[in-house]
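A short worksheet on the structure shown next.
None of the figures in this text is laboratory data; all of them are computed from the coordinates on show. All figures in this text were calculated on a predicted structure; none of them were measured in a lab. Cβ placement follows ideal geometry from the backbone for every residue including glycine, while neighbour counts extend to all protein chains displayed.
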Amino acid sequence: MKPRILIVEDERTALKALSLLLSDEGYQVLKAETGEEGLRLALREQPDLILLDIRLPDLDGLSVLERLRNGPCKAAVIIMTANSTSSNAIRATKLGAFDYVSKPINDEHLVVLIQRALEYRALEKALRDLHTNATQAPNIPNIVGHSLSMQEVYKLIGRVSSSGATVLITGESGTGKELVANAIHEYSSRAQGPLVKVNCAAIPDSLLESELFGHEKGAFTSALTRRIGRFEKAQAGTLFLDEIAELPLGLQAKLLRAIQERVIERLGSNTPVPVDFRLITATAHDLNGEIAAGRFREDLYYRLSVVTIALPPLRQRKEDIPLLVQRFLSRSERPITLREDALEKIMAHQWPGNVRELENTITRAIVLAPGGVITPECIQFHPHSAGSSRSRLDNISFRDGYWNVIRKVEEHLLRAALEEARGNRAEAARLLSIHRRLLYQKMEEYGIR
């Protein structure tokens, strides 16, 4: 059923324009020209969203909003105002408005805002249906941690899993973003459908469009047969796009259309293909910074970040380290004991590579452990995280000149990251928090193979 939107606006030209805009977007539209008429329609029709003008001939919009919130109406409310003062904004928010827009209204911005508000409303409904269970952290398989920050993550997973809201998972490399995506899918109503994963950083730009959207036979030279893309493979399931910040701008526009219209077109075809998927994305980058730099679309960011789950780095939840160590030790095929002084060494480390680095360190220690006992000597950190990089940099003299020093530091960082990533360029780019394209450019500049 199409979402229903009630527009409460006394200016008839604006009312007609908004009605046509929302009808064209596929919504059912209800109209009212006064506050009292709007209240009656809201209570009788129970719309999904209300566009409410703040200045009405009988009641002001904030009074209407207050009465709506004191009644049974659960619609999301967006306030429209020609006078966007801070007092109005604060009062509207306190009264439960989802957001407010200033006149003259930007149609594109309004459409995106309505889509976000409707998704939030669906999420709120799912939370109400969960009742007391929503406050309990579920037992999430493969994710370890009892810290308060992880308890909050578990609760968010439990809440968003029961909705169809788009989720953005943020966090440093190695914090477990893919595990969270797995859990959201497993606890969702789409658990019986496929979970299709795409690492946007691991696929060359020239192949990524075909990988996501598919192609028809003959679409390009090597397209010998039709190929079904990941969007279609995720039908009735979940599509997980990891490292979303690496998506080229051209593909960001196509992704935005797929999210909004639930329709894609294969390469080499103009035939629209309906797709039914739940989208989860993840990134280790600061997307706001990417937007400011012109590398990421702001409208796409709003569509992706309906719900954001931020994963804490391991250094901020060190109380979870013993549990994680025990989990990794339990995978050993032989009995293993961890000495207390070895655990102290582990606890003192800052873990810039997070849980992934800890797992690799414990796996290495199990191999090196003499007689099945892990000593401090068995706990070996990679050079980039153990402090040896600093001693190497200390050997660079400032007398070499500013730019020569910068080049030496830059080359050292590239080589250290590639060594840590064992030659995996996508992983090295993630460790350095830079785009792959910049990494390739710098590797060529310094002759690194």
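Would you kindly calculate the mean projected area, averaged across all directions, of the convex hull enclosing the Cα atoms of the stretch 4-108, in square nanometres?
5.9 nm²
Hey, in the GNM for the chain with a 10 angstrom Cα cutoff, which one of Tyr402, Tyr301, Tyr154 fluctuates hardest?
Maximum among the listed residues: Tyr402.
Kirkwood Rh and Cα-based Rg: tell me the resulting Rg over Rh for the stretch 234-355, rounded to two decimals.
For the stretch 234-355, the value is 1.16.
For the stretch 136-312, just run the numbers: alpha carbon Rg, then divide by 2.2 N^0.38 Å, N being how many residues it has.
Rounded to two decimals, the normalised Rg is 1.05.
Looking at the chain as a GNM with Cα springs under 10 Å, which of Ala293, Ala32, Ala191 has the largest mean-square fluctuation?
Looking only at Ala293, Ala32, Ala191, the biggest GNM fluctuation is shown by Ala293.
Which lysines does Lys254 reach when only Cα atoms under 21 Å apart count, and residues fewer than 8 places away in its own chain are ignored?
Filter leaves Lys197, Lys217, Lys233.
Where the only charges are on Cβ atoms (+1 Lys, Arg; -1 Asp, Glu), what is the dipole of the stretch 206-320 about its Cα centre, to the nearest 20 debye?
In debye, rounded to 20, the stretch 206-320 gives about 260.
With the Cα gyration tensor of the chain in hand, give its eigenvalues times 5 under a square root as the equivalent ellipsoid semi-axes, listed largest first in whole angstrom.
Taking √(5λ) for each eigenvalue gives 47, 27, 23 Å, largest first.
Past the 28 Å Cα-Cα mark, which pairs from Lys31/Lys94; Lys155/Lys318; Lys345/Lys408?
Lys345/Lys408
For the stretch 315-381, go through all pairs of different Cα atoms, get the mean of 1/r, take its inverse, and jot down that Kirkwood value in Å.
By the Kirkwood definition, the hydrodynamic radius is 11.7 Å.
Viscosity 1.306 mPa s, temperature 10 °C: what is the translational diffusion coefficient of the stretch 291-354 from Stokes-Einstein with a Kirkwood Rh over Cα pairs, rounded to a whole number of µm²/s?
It diffuses with D of about 104 µm²/s by this estimate.
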